[in-house]
Structure formats: structure tokens, C-alpha cells
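The structure under discussion appears below in the form of C-alpha cells.
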Amino acid sequence: MKDSYDLSLLRDKKPKRLNSKKKGNTFERDVCKLLNEAFGTTEFNRAPNSGAYASTHNLPSAYKIYGDLIVPSDFKFTIECKKGYNKASIDELLNYSGIVVNFLDQTIKDAEKAGRIPLLLWKQDRKPILAVTPLEAPLDSFIYFKYPSKNLTYSYYYIYRFKDLLTLDKSFWFNI
């Protein structure tokens, strides 16, 4: 007697890799949507070329965009969005090494140029969005660490779940 089962469906197939640029762009759009919904606006948008535009083009200062998102003029933060990097860990921040530290350094530099507070949003696959910022929020759950950045304005940084930060009053987010 011959089996009539098709075993080819059981073979391991490699999942299709999602283009990392596409993954990052999608994450930036998702963050804009979350911010626009949270604050009842449409002012949050992706920056052209994800923030690289300001450093690669000689624009007048009024037109320069720092970070990955265009934000309202009274918004306190410059936002850098990072998606993926699943092998990286928060431990890198505590040891001042690795790719997460590079993300934070980039965020700090952009925020200094813009005269705003740095906010790094990092999402690994199947994990919540983490927010790293020097601004202390009135939340119960967070991690804080001393970070030896060249920016002398901020010595300590806090890690929050982004969804928890979004529950805070507008005064946390905007210069009111």
C-alpha cells in the first residue's frame, strides 16, 4: 500500500527576509500613526531619507530635519526609530558597547543639533517598543542608567515602554 501524503509541505522552508529598509520605513510610519493618534494631530511624518537629508544636503537651518520623524514645532523630542536588531540587547547600554550605543549616540547628536531632547525608539521582532530618553517620566516601571555621553546636559537615561509614555499628559511631550 502506498501513502498518499505530500511530505514536501513539512520540509523546512526559510522564511522570506523582509527588506531591512522597508522594515524600518514601516516602523517609522507606525510610530507616526501612534503619535498622531495619541495627540490628535497629523503633524508627525517620516523625514525624507529617514533623517539623513539634513546631513547630506546644504539646507537653510529652518528647513533642516533631524532624526527620523518630522515633529510639531513645540514638540520636545528628536526621535530616532530603530526596528529589528534582534541579537542586540539592553545590556549593551549598560556596558557602553554595541549597536544600541551607536543608536543612542546618533540620537543624541541629532537632538543636540535640533536643540531638543533625544528619544530613541527601538523595536525588536515580537517585542514591545522601547523608548530611551534622558527625560524622567512619572511612571512606575522603567530602567535608568548612567551614560557617559559627550553631551554633558544629560548623564542619566531612562528606558520605558513606549506605550506607557504615550499615556502621559501633553506637558511631558510638548513645550506648553
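The values are calculated or read from the model by the stated rules, or taken from the named source; none is laboratory data. Just so we're clear, the structure is a prediction, and the values are computed from it rather than from any experiment. Using ideal geometry, Cβ is built from the backbone for each residue, glycine included, and neighbour counts are taken over all protein chains shown.
Quick look at the numbers
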read-out: Tally, over the range 135-176, of residues that are surrounded by fewer than 14 Cβ atoms within 10 Å (Cβ to Cβ) and assigned to a strand (DSSP E or B); value: 4
read-out: Qualifying residue in the range 68-82 (condition: touching a residue at least 60 places away in the same chain (Cβ under 8 Å), of a type in the set (Phe, Trp, Tyr) and touching an Asp or Glu at 6+ places or on another chain (Cβ under 9 Å)); value: yes
read-out: Qualifying positions in the range 107-134 - within 11 Å of the chain's Cα centre (by Cα) and either surrounded by fewer than 23 Cβ atoms within 10 Å (Cβ to Cβ) or part of a helix (DSSP H, G or I) (or both); value: THR107, LYS123, GLN124, ILE129, LEU130
read-out: All positions within the range 85-106 that are outside any helix (DSSP H, G or I) and either crowded, with 17+ Cβ neighbours inside 10 Å or at positive phi (or both); value: TYR85, ALA88, TYR96, GLY98
read-out: Answer residue from the range 96-130, given it is charged (D, E, K, R) and in contact with a strand residue (DSSP E or B) (Cβ under 9 Å, 6 or more places away or on another chain) and is nearest to PHE77 (Cα to Cα) among those; value: ARG116
read-out: Within the range 26-57, considering residues that are aliphatic (A, V, I, L, M) and at pLDDT 95 or above, the one nearest to the chain's Cα centre (by Cα); value: VAL31
read-out: Residues of the range 66-84 satisfying the condition of being farther than 19 Å from VAL100 by Cβ and outside any strand (DSSP E or B); value: TYR66, VAL71, PRO72, SER73, ASP74, LYS76
read-out: Residue within the range 87-110 that is in contact (Cβ under 8 Å) with a residue 60 or more places away in the chain and of a type in the set (A, V, I, L, M, F, W, C) present; value: yes
